[in-house]
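Engineer: Have a look at the structure that comes next, please.
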Amino acid sequence: LPGSKHTTGDLAWLRAQGLDCAIADHAARGGRVLGVCGGLQMLGEALIDAHGIDGNAPGLGLLPLVTAFEPAKTVRRTEATLGDCNGSHPSPWAALSGLTVAGYEIHHGQTCLHPAMQAAGHSATEVLPGLAWMHPRGHILGLYLHGLFEDTRVLQALFGTGASGLDPVFEGLADFIDTHFQPGVLDRL
């Protein structure tokens, strides 16, 4: 689930398409789910908006988290070291354990464990303090850090040493455009 500029609106769209059920079914079968920023917020139990920023909504309920939208927007570059990303079952995110990752945060929401759910014994592992949580089974990970897949350390940890960042993709696209587009076509668009 990618980031979103309007989390509650995009969550409503997911529900209208039936994608919420598909995601929940996938997660129930142990499939991996990754939520980044707005995607992290959607994975939780509830989105609370006392300031009229994004709207209130129930989340997907895949992590016992609650997000409160605040007037002050967090915008910063962040580099942090992930904690233990192993769950009670083999975790697709285990290779990220102890990895220092770099990216950026840009969000109004502040996310934390849902107090009532935590009191009832539901938990999530906080793998980056205040920034990332993982389901105890290890298959669901949500984090506030954008740019994760632009970090070659992350790509190599998850996909092997041959994985590269987005630079070669953009260079290839630029080469394709130079070869196949008439000069000035992009300027005219």
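The values are calculated or read from the model by the stated rules, or taken from the named source; none is laboratory data. As the structure is a computational prediction, the values presented were derived from the model and not from experiment. Only protein heavy atoms, including side chains, enter the accessible area calculation; ligands, DNA and RNA are left aside. Shrake-Rupley method; radii C 1.70, N 1.55, O 1.52, S 1.80 Å.
Engineer: Please state the shape class of the range 1-42: rounded when a/c is under 1.5, otherwise prolate if a/b exceeds b/c and oblate if not, all from the C-alpha gyration tensor.
Structural biologist: Since a/c reaches 1.5 but b/c is at least a/b, the shape of the range 1-42 is classed as oblate.
Engineer: Would the range 71-116 count as rounded, prolate or oblate if I go by the C-alpha gyration tensor, calling it rounded below 1.5 in a/c and otherwise prolate when a/b exceeds b/c, oblate otherwise?
Structural biologist: Judged from the Cα gyration tensor, the range 71-116 comes out oblate (a/c at least 1.5, b/c at or above a/b).
Engineer: Let me ask something additional. What residues have an amide H closer than 5 Å to that of GLY109, excluding those fewer than 5 places away on the same chain, when H is modeled at 1.01 Å from N in the peptide plane?
Structural biologist: Those lying under 5 Å, H to H, from GLY109 are GLU70.
Engineer: While we're here: Using a 1.4 Å probe over the heavy atoms of the protein chains, calculate the carbon and sulfur portion of the accessible area of the chain as a whole percent.
Structural biologist: About 56 percent, which is the carbon plus sulfur part of the accessible surface.
Engineer: Sticking with this structure for a sec: Ordered by residue, what ³J(HN,Hα) values in Hz, to whole numbers, does the range 15-32 give under the Karplus form 6.51 cos²θ - 1.76 cosθ + 1.60, where θ = phi - 60° and Gly and Pro are x?
Structural biologist: Taking θ as phi minus 60°, the curve returns 5, 4, 8, x, 6, 4, 5, 5, 5, 4, 5, 4, 5, 5, 8, x, x, 6 Hz for the range 15-32.
Engineer: For the chain, with a Gaussian network of springs between Cα atoms less than 10 Å apart, report the residue from PHE159, PHE149, PHE69 with the top mean-square fluctuation.
Structural biologist: PHE159
Engineer: Sticking with this one: With the cut-off at 1.5 for a/c, could you classify the range 1-110 from its C-alpha gyration tensor as rounded, prolate or oblate?
Structural biologist: Judged from the Cα gyration tensor, the range 1-110 comes out oblate (a/c at least 1.5, b/c at or above a/b).
Engineer: Here's a follow-up. For the chain, set up a GNM with springs between Cα atoms under 10 Å and report which of HIS146, HIS108, HIS89 has the largest fluctuation.
Structural biologist: With Cα springs under 10 Å in the chain, the top fluctuation among HIS146, HIS108, HIS89 is at HIS89.
Engineer: Choose one answer from THR100, THR67, THR125: the residue with the largest mean-square fluctuation in a GNM of the chain with alpha-carbon springs under 10 Å.
Structural biologist: It is THR100.
Engineer: While we're here: Using every alpha carbon pair in the chain, what percent of pairs falls into each 5 Å bin from 0 up to the bin containing the largest distance?
Structural biologist: With a bin width of 5 Å, the distribution comes to 1, 8, 14, 18, 17, 15, 11, 7, 5, 3, 1, 0, 0.
Engineer: Measuring with a 1.4 Å probe in the full set of protein chains, what accessible area per residue, in whole Å², belongs to the range 71-137?
Structural biologist: Solvent-accessible surface per residue comes out at 53 Å².
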